[in-house]
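A.B. asks: To start, I am sharing the structure in question, which I have written as structure tokens.
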Amino acid sequence: MQPSDLPVPAPAAPRRRWALGALAATALGAGIAASWWRHRPAQDAAPAGLWARQWISPQGQNFDMQSFQGRPLLVNFWATWCPPCIEELPLIEAFYQQNKGNGWQVLGLAVDKPERVLTFLNTSPLSFAIGMAGIEGTELSRELGNLTGSLPFTVVFSSDGQIAQRKLGRIVQQDLDQWRGLR
């Protein structure tokens, strides 16, 4: 038998290319899945106990989250010391005024001190419900998907109590226009 008669192994390059191609396809699939997960519609259940919570208004009146069930609800976490929060409040107020007749509700949860919120509301009144959330509000916002605890943070609930949308950062008119169609 001559050396030229021995079987010649397949070149490593095509196998390596195939392996790299398979690895690239797997990475691409994982990237697409991760992107979908981050940007998917947020049809999640509300955290356990959300609808059993109670809040105190800046004026000292108690109200229950349960009173907001059954209709679409926009919940906005804000503070007087947060410039983007203050910038978006007039948009949220206008949204509430335009849509309350269609069943929409708005709840502003202030992660702040009652005296600061009262001072703010005396100069810039809001007609939607305001609850004093304090540090508990930061934890609730995390339970609702705000992993950093940053403000402003908004969650939209459909009328069946499911989380329909989330937004970290200042709301713009396009957000409100998009959410208006949710039920």
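A.B. asks: In the range 88-106, which residue that is of a type in the set (Gly, Ala, Ser) and assigned to a helix (DSSP H, G or I) is nearest to Arg71 (Cα to Cα)?
C.D. replies: Gly101
A.B. asks: Can you spot a residue in the range 98-115 that is loosely packed, with under 13 Cβ neighbours inside 10 Å, touching a Ser or Thr at 6+ places or on another chain (Cβ under 8 Å) and either in the same structural domain as Arg170 (by TED's automatic domain parsing) or of a type outside the set (D, E, K, R) (or both)?
C.D. replies: The answer is yes, given that some residue of the range 98-115 is loosely packed, with under 13 Cβ neighbours inside 10 Å, touching a Ser or Thr at 6+ places or on another chain (Cβ under 8 Å) and either in the same structural domain as Arg170 (by TED's automatic domain parsing) or of a type outside the set (D, E, K, R) (or both).
A.B. asks: Another question, then. So Pro72 clears everything in (1) under 20 Å from Gly169 (Cα atoms); (2) crowded, with 21+ Cβ neighbours inside 10 Å except one condition, right? Which one?
C.D. replies: Failing condition for Pro72: (1).
A.B. asks: Residues Leu147, Leu182: which one is without any contact (Cβ under 8 Å) to a residue 12 or more places away in the chain and either under 19 Å from Pro47 (Cβ atoms) or among the hydrophobic types (A, V, I, L, M, F, W, C) (or both)?
C.D. replies: On inspection, the qualifying residue turns out to be Leu147.
A.B. asks: Quick one: which of Ile130, Ile135, Ile163 is in contact with a Ser or Thr (Cβ under 9 Å, 6 or more places away or on another chain) and either within 21 Å of Trp81 (Cβ to Cβ) or at pLDDT 95 or above (or both)?
C.D. replies: Ile130
A.B. asks: Hey, could you check the range 144-159 for residues that are surrounded by 14 or more Cβ atoms within 10 Å (Cβ to Cβ) and farther than 16 Å from Ala110 by Cα and say which is nearest to the chain's Cα centre (by Cα)?
C.D. replies: Taking the candidates together, the pick is Gly145.
A.B. asks: Looking only at the range 69-126, which residues are among the hydroxyl-bearing types (Ser, Thr, Tyr) and under 22 Å from the mean Cα position of the chain (by Cα)?
C.D. replies: Thr80, Tyr96
A.B. asks: Can Leu140 be described as surrounded by 21 or more Cβ atoms within 10 Å (Cβ to Cβ), assigned to a loop (DSSP other than H, G, I, E, B) and either in contact with a Ser or Thr (Cβ under 6 Å, 6 or more places away or on another chain) or in contact (Cβ under 8 Å) with a residue 60 or more places away in the chain (or both)?
C.D. replies: The answer is no for Leu140.
A.B. asks: Okay, next question. Taking Gln173, is it surrounded by 20 or more Cβ atoms within 10 Å (Cβ to Cβ) and either farther than 24 Å from Pro58 by Cβ or in contact (Cβ under 8 Å) with a residue 24 or more places away in the chain (or both)?
C.D. replies: Taking the combined requirement at face value, the residue does not satisfy it.
The values are calculated or read from the model by the stated rules, or taken from the named source; none is laboratory data. Just so we're clear, the structure is a prediction, and the values are computed from it rather than from any experiment. Neighbour counts are summed over all protein chains in view; Cβ atoms, including those assigned to glycine, are modelled from backbone coordinates with ideal geometry.
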